[in-house]
Amino acid sequence: MDRKIKVVMAKLGLDIHWRGVYLVSQFMKEAGMDVVYLGNKFPTEIVEAAIEEDADVVGLSSLSGNHLALGPIVVDMLREKGLDRVKVFMGGVMPPDHAKRLEKEYGVQKVFLPDTPMQEIIDGINAAVGNTH
Amino acid sequence: MAYRKDDGNKEPVCLFSEEHVRLIKDQYKDWFDKSLREEDRQTEGKYFTHSGIPVKLAYTPADIENVSYIEDIGFPGHAPYLRGVYPNMYRGRLFTVRQLAGLGAPEDCNERVCYLLDHGATGVNILFDMPTIRGYNSDDPEAEGNVGACGAAVDSVWDMDAFFKDIDLGTVSTSIVTHLPSTSLVIPGMYFAVAEKRGTPLSKVAGTCQNDFIMETCVGSGYEILPPSVSFRMQCDTVEWICKNVPRFNPISFNGYNLREAGTDAVAEVAIGISNAIATAEELIKRGMKFDDFAPRMSFFWDLHNDFFEEIAKCRASRKVWYKVAKERFGAQNAKSMLMRFHVQTAGVTLPATEPLNNIARSAIQGLAAVLGGCQSLHIDSFDEAYSAPTEEAALVSLRTQQIIQTETGVCSTVDPLAGSYYVEYLTDQMVQRIFDYISKIEGLGGLVQAVESGWLHREIVSYNNKYQEKIENGQMKIVGVNYMKTDNSKTAPIQVFEYPETYSRQKAKLERLRKERNDRNVEEALSILRQKCHTTENLYPYCLDAVRNLATLGEIEELFREEFGLWSFPLL
Amino acid sequence: MKIEKKELVDELIERSLKGEKLSISRLISLVERRDEYAPYIMEKIAPHAGRAYYIGVTGPPGAGKSTTVDRLIGMFCKNNLSVGVIAVDPSSPFSGGSLLGDRVRMNVKSEKMDVFIRSMSSGRVMGGLARTSKEAARILDACGKQIIIIETVGVGQSELDIAEATDTVLVILTPESGDSIQIMKAGLMEIADIFVVNKADRPGAEDISTSIRGMLKRSLRKRDWDPQIFLTSASVSKGMDDLYAGIWSHYDHLTENLRLEERRKRQLRQELHTRIENEFAKILWDMVQKKDIDQVVLDTWLRRADPQNTAQQFVLSSLKESGLWPQKQ
């Protein structure tokens, strides 16, 4: 059946850098995904949107240092609401060891650091979501 | 407004005689056909600068045959200021070394600022954390996770006071890197209030604030954004008030930098910056000011990217374009109104996370281009840009890079050393024309505010980014260690990051104390007057300053603006 | 396996009817992607739907539809009404993917607000936008939302679909929306119950409302409702109170003299007509022997035949071959 991957994309909190998340969103669209772009939102609103949109994936962009503070909150809130199946991806500027911690300790599926080719992001999502479909 | 090559009846005296040029053209053809192999000739037409100007294999006087030294280039410090704004340039005064300072609580920053000043920095850049940039208090729920990260947290006059503890505001030149016009109405005001309190007259206070509505409406997505027309009005309010009251302070820095970082080329960067200056000038003239009253206080802020010669040409061209705009369009009388002074920061967007030490080389080359382009002040990005605000070690390397350029390379000994290079002059001429064309395009859309409201500028940014990304992904644009000469060892080096987790609690406690100690009636009164004035055409600056003096917080004032002016989202989707 | 899934679907329906967001969301997904249980779901849902007030919002891109909807959500919620929103955006004709941005402007900050927003790409919709957005709206209706707002970009067929799916249609324009001819061309004149001239602080707002008024006057169509025109600046919540009252006055008009019932019956008739046609086509198509359509294309191409005639002959001969057509001796 017609089964496209649905992604909810958000800029975390006050972060202002919109072009990266927009670029990635466009690539996802071109890769055949349905992308719901939220703009700047905080964890409660992001999780609420993920529920209402029946998202497979939540993508968070953070380039201003709030990744460790807000990223894990999104993951936890999704779990609390019973949405374990929703994969959380993050992208942006952060120290590599923070990225590792987000993946290992906080349940973020994958963090894409700068210089990641677009196709790698698309493949990463396809692989992660494909498993649960 | 179109750029005309010859602007008079008189025949310009060109660099090379017609006969000489004819000879060169003939011989060039000969050289091209006979000295080059077929495969070399095939490469012609395939090289471009970053902004798309075709690049030939070799340049000769024939490529600048119409250029007149007196008319088009001129002497340093003379019209059209192509070669620089001062006759003696760096012999007279070296470019100001501005390095970033701002992390954590204001008290932490004070330490960093003193450290840099002790090591020979001559100016201070204050960067703010995201809540401060976007106009929230440290204890607002929106600020969560961002307090003190990537910049300083400033909530009230108290913080500004702490930031500049033991620093004489009458001697230091401070660049207050506010982004939004709405916060430029408030934060520099805090700086002025501190100066007042310390008895430093505003006439001695020097510095710059950024104050650019493009920053609010195009560069940043923002959680909550004021509408472009409102943001533009605030921008002009600040310029007007500061020009009239703080004569040594530059009330606006037209920010090509962040626009370029967000995604435009060198031409658009300068053209949009100057278009904003044009729009601002027109508004202030409408308000009854004379061009010469404010133009000398306008400054610009460029991004120096990787394309070495194009960036140098950009710097030179931008001065000439501004000169022509000031003189021909606004009839400037004062020579200072026609001088474009600009600050440069090297391009953070060019600094990958992979093999970060390579970024020292990139930034040094970009910084060198800035100096060859004749900048007035310079910030060199730190090699750890792709991870966080710089560590102390990285910040010191940047400072040292500046000093090496200043003293060891000899490039500051003579003015505009690349003048007369066929290639550089050709590029400069091309840039001038292309910048004027782009300015005309914006005017055709009804001016810059319109171009923003309609989403045109956002679409420009997106389409640029798509092309840029494509070039990187298909290898047309090479980034060493990232998509070129990549080895298995091309790794991201472990980098230690400054963290100030306690900033939040410190700021929170300070705000609590502030709310207890300040006179609530005074705050409320000041805020209610400001609220009223929002709906008049009066300049908001004095009312903001009054609120700040009475210890109103940044967050309170910004919330008031959001309530009174409503919010805007850009029409991209 | 099948039984298990049916039980799962039943549970989803039960939970949804109690208003549980997670289940409602899944239910909409099943219907949206034409799951085998979609008809079953709609059958179970139908008796519970029909209580909400359906509002359609359309207009050209950039007119401020989402911002207006955002403000309306706030006003309905303030009056203790629950709101369901279906926001439809076009999808890429190439990849089938989409980038849906309506939520950027919709901010539900308070947990007290009872709101459910769902974005939908028109590309996902099989059998027309009306079908899926209508079904999703019905689910939200059945699950207790009192106000249903369907928002679409008015750039083609979709605004006509929206008129067939809602009780009140808001057409949102701006002073920059162009001249009256364009509005008329877009078919917006016919469907609007309420015109909103948004961004009314800009020059030209009065001009556009005057020209709309003129066109309405000249229109020969018989109406029992004079479409109203409101000037708003949704981003600063100006003019929104009047618009809100205007929406309710259209509602009051509808509830008089069974007009709402008539409108919905008319829509139902239209919907049934379309669906019956589709069903006929589908069933007949399945019954007739499937011919090699590529061969027919090639044949038509080579003979330079007229497609209309070819199609007719194709249907007739297919029916004859399947014995569905009374064959003459």
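Computed from the coordinates by the stated procedures, all read-outs in this text should not be read as laboratory data. Bear in mind that the values here come from a model prediction, so they are computed numbers and not experimental data. Cβ sites come from the backbone with ideal geometry, for glycine too, and all protein chains shown count toward neighbours.
Which of A:K100/B:K467; C:K21/C:K145; B:K204/B:K327; A:K87/B:K486 have a Cα-Cα distance over 19 Å? Walk me through the intermediate numbers first.
Details: A:K100/B:K467 31 Å; C:K21/C:K145 11 Å; B:K204/B:K327 29 Å; A:K87/B:K486 30 Å.
Where the Cα-Cα span goes over 19 Å, the pairs concerned are A:K100/B:K467; B:K204/B:K327; A:K87/B:K486.
Working from Cα positions, state the angle (0 to 90°, nearest 10) between the long axis of helix B:503-517 and the longest principal axis of chain B.
50
Can you list the equivalent-ellipsoid semi-axes of the range C:26-98, largest first and in whole Å, using the square root of 5 times each Cα gyration tensor eigenvalue?
Rounded to whole Å, the semi-axes are 25, 23, 9.
Please express the Cα-Cα pair-distance distribution P(r) of chain B as a list of whole percents, one per 20 Å bin, running from 0 to the bin with the greatest distance.
In whole percents, the pair-distance histogram is 20, 55, 22, 3, 0.
Mind giving me the FRET efficiency for B:E443 and C:D10? R0 is 56 Å, r the Cβ-Cβ distance, nearest 0.05 is fine.
The formula returns an efficiency of 0.30 here.
Would you mind ranking B:V411, B:V13, A:V93, A:V7 so that the residue whose beta carbon has the fewest other beta carbons within 10 Å leads the list? Numbers along the way, then the final one.
Values: B:V411 14, B:V13 10, A:V93 22, A:V7 27.
So the residues, fewest neighbours to most, are B:V13, B:V411, A:V93, A:V7.
Using +1 at the Cβ of each Lys and Arg and -1 at the Cβ of each Asp and Glu in the protein assembly as shown, identify which of B:T132, B:A121, A:I5 lies farthest towards the dipole's positive end.
It is A:I5.
Measuring from label point to label point, each 7 Å out along Cα→Cβ, what is the B:E564 to C:N80 span in nm?
Going by the 7 Å Cα→Cβ label model, 3.6 nm.
Counting each DSSP H run of 4 or more residues in the protein assembly as shown as -39500 (n - 2.57), what helix-only mean residue ellipticity at 222 nm follows after dividing by all residues, to the nearest 500 deg cm²/dmol?
Using -39500 (n - 2.57) per qualifying helix, the result is -14500 deg cm²/dmol.
Compute the acute angle (0 to 90°) between the alpha-carbon long axis of helix B:106-118 and the principal axis of greatest extent of the alpha-carbon atoms of chain B; round to the nearest 10°.
Helix B:106-118 sits at roughly 40 degrees to that axis.
Between exposed trypsin sites (Lys or Arg not before Pro) in chain B, where DSSP calls loop and at most 15 other Cβ atoms lie within 10 Å, what's the longest gap?
Of all site-free stretches, the longest is B:291-477.
In whole Å and largest first, what semi-axes does the C-alpha gyration tensor of the protein assembly as shown yield when each eigenvalue is scaled by 5 and square-rooted?
53, 36, 30
Is the range A:6-130 rounded, prolate or oblate when judged by the Cα gyration tensor, a ≥ b ≥ c being the square roots of its eigenvalues, rounded requiring a/c under 1.5 and prolate requiring a/b larger than b/c? Intermediate results must be reported in sequence, preceding the final value.
Working: a/c = 1.20, a/b = 1.01, b/c = 1.19.
Rounded shape, in that the Cα axes give a/c under 1.5.
To the nearest 0.05, how large is the calculated FRET efficiency for B:K244 and C:S211 if R₀ is 56 Å and r is the Cβ-Cβ distance?
For B:K244 and C:S211, the calculated efficiency is 0.80.
With a cut-off of at most 13 other beta carbons within 10 Å, and DSSP calling the residue loop, which chymotrypsin sites (Phe, Trp or Tyr not before Pro) in the range C:201-292 qualify? Please list them.
C:W225
Can you give the local net charge around B:I252? Use residues other than it whose beta-carbon is closer than 10 angstrom to its beta-carbon, Lys and Arg +1, Asp and Glu -1. Write out the running numbers ahead of the final one.
Numbers: positive: B:R297; negative: B:D212.
Net charge in that neighbourhood comes out at 0.
At a Förster distance of 30 Å, what's the computed FRET efficiency of C:R218 paired with C:Y251, Cβ-Cβ distance as r, to 0.05? The partial results should precede the final answer.
Working: r = 27 Å, r/R0 = 0.91.
That pair, C:R218 with C:Y251, gives E of 0.65.
Taking the Cα centre of the range C:49-257 as origin and charging only Cβ (+1 Lys, Arg; -1 Asp, Glu), how large is the dipole, in debye to the nearest 20?
Using only the charged Cβ atoms, the result is roughly 280 debye.
Of A:A31, A:A49, A:A99, which is the most mobile in a GNM of chain A whose springs link Cα atoms less than 10 angstrom apart?
It is A:A31.
Past 21 Å, Cα to Cα, is the threshold; run A:K81/C:K112; B:K46/B:K320; C:K65/C:K134 against it and keep the listed order.
Beyond 21 Å between Cα atoms: B:K46/B:K320.
Report the longest stretch of chain C that contains none of the trypsin sites (Lys or Arg not before Pro) sitting in a DSSP loop with at most 15 other Cβ atoms within 10 Å.
Details: sites that count: C:K18, C:R33, C:R51, C:K109, C:K112, C:R221, C:K222, C:R223, C:K290, C:K291, C:R304, C:K328.
Longest site-free region, per DSSP loop and neighbour criteria: C:113-220.
Modelled label-to-label distance, B:E470 and B:K34, 7 Å Cα→beta-carbon offset: nm?
Here the modelled spin labels are 4.3 nm apart.
Given axes a ≥ b ≥ c from the Cα gyration tensor, I'd like to know whether chain C is rounded (a/c under 1.5), prolate (a/b larger than b/c) or oblate.
It is oblate, given that a/c is not under 1.5 and a/b is not larger than b/c.
Loop only per DSSP, at most 13 neighbouring Cβ atoms within 10 Å: give me the chymotrypsin sites (Phe, Trp or Tyr not before Pro) in the range B:27-120, ordered by residue number.
Passing both the DSSP loop test and the Cβ count: B:Y47.
Going through the DSSP H helices of chain C, which span 18 Å or more along their own axis at the Cα atoms while scoring at least -0.5 as a mean Kyte-Doolittle hydropathy?
Correct list, ordered by number: C:65-78, C:129-142, C:205-218, C:240-255.
Given axes a ≥ b ≥ c from the Cα gyration tensor, I'd like to know whether the range B:179-267 is rounded (a/c under 1.5), prolate (a/b larger than b/c) or oblate. Display every interim value, and only then the final one.
Working: a/c = 2.42, a/b = 1.88, b/c = 1.29.
Prolate, since a/c reaches 1.5 and a/b exceeds b/c.
How shielded is A:27-33 by partner chains, expressed as the average number of their Cβ atoms within 10 Å of its Cβ atoms?
6
With +1 on the Cβ of every Lys and Arg and -1 on the Cβ of every Asp and Glu, and nothing else charged, how large is the dipole of the protein assembly as shown about its Cα centre, in debye rounded to the nearest 20? Could you put the intermediate results ahead of the total?
Working: 123 positive and 144 negative charges, 290 e Å.
Dipole size: approximately 1400 debye.
Mind checking the dipole of chain B: about its Cα centre, +1 per Lys or Arg Cβ, -1 per Asp or Glu Cβ, Debye to the nearest 20?
Dipole size: approximately 1240 debye.
For the range B:174-186, what does the Karplus curve 6.51 cos²θ - 1.76 cosθ + 1.60, with θ = phi - 60°, yield as ³J(HN,Hα) per residue in whole Hz, taken in order and with x for Gly and Pro?
With coefficients 6.51, -1.76 and 1.60, one gets 10, 9, 8, 7, 6, 9, 8, x, 5, 8, 6, 6, 10 Hz.
Can you pull the semi-axes for the range B:116-193, root of five times each eigenvalue of the Cα gyration tensor, sorted largest first, whole Å?
Numbers: eigenvalues 100, 36, 25 Å².
Calculated on Cα positions only, the semi-axes equal 22, 13, 11 Å.
Once you mark the trypsin sites (Lys or Arg not before Pro) that are in a DSSP loop and have at most 14 other Cβ atoms within 10 Å, what is the longest gap between them in chain A?
Working: sites that count: A:R3, A:R85.
Value returned for the longest uninterrupted segment is A:4-84.
Which one, C:W248, C:I276, C:T300, projects farthest toward the positive side of the charge dipole computed for the range C:190-318 from Cβ point charges (K/R +1, D/E -1)?
Positive-most Cα among the choices belongs to C:T300.
Using only the alpha-carbon atoms of the range B:410-548, report the extent along each of the three principal axes, biggest first, to the nearest angstrom.
Per principal axis, max minus min of the Cα coordinates gives 66, 49, 42 Å.
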